[in-house]
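These notes concern the structure reproduced below.
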Amino acid sequence: MSYVTSWERIARKKGISDGRVKGIKENKLETAKKMLRDNLPIDTIAKYTGLAKDEIRPLMQ
């Protein structure tokens with residue numbers, strides 16, 4: 001039987017939460033790249049992905 005402290009449980013939950021946030025962000029960036037390839041305006045991309053225009057512009061390269 002393994003003994004897990006409450007701190008370890010909290011740390012594990014935090015790690016899972018951080019991973020989800022990172023995954024969601026990566027998905028939004030990939031979606032924005034696809035939208036840019038389809039020549040959609042930055043305003044539209046920002047509206048539908050929730051990304052800031054400053055986060056989208058570097059993807060245009």
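Would you work out which of TYR3, PRO58, ALA46 lies farthest towards the positive end of the dipole of the chain? Charges go on Cβ: Lys and Arg +1, Asp and Glu -1.
TYR3
Give me the dipole magnitude in Debye, nearest 20, for the chain about the Cα centre, with unit charges on the beta carbon: positive for Lys and Arg, negative for Asp and Glu.
For the chain, the charge dipole is close to 160 debye.
Compute the signed sum of charges (Lys and Arg +1, Asp and Glu -1) over the other residues within less than 12 Å, Cβ to Cβ, of SER6.
Here the charged neighbours net out to +2.
I need the chymotrypsin sites (Phe, Trp or Tyr not before Pro) found in the chain, filtered to DSSP loop residues with at most 14 other beta carbons within 10 Å of theirs.
When the chymotrypsin sites (Phe, Trp or Tyr not before Pro) of the chain are filtered for loop state and at most 14 Cβ neighbours within 10 Å, TYR3 remain.
Take the Cα radius of gyration of the chain and divide it by 2.2 N^0.38 Å, with N its residue count; two decimals is plenty.
Its radius of gyration relative to the 2.2 N^0.38 Å reference: 1.66.
Coordinate-derived values only; no laboratory data. Here the structure is a predicted model, which means the values were calculated and not measured. Cβ atoms come from the backbone with ideal geometry, glycine included; neighbour counts cover every protein chain shown.
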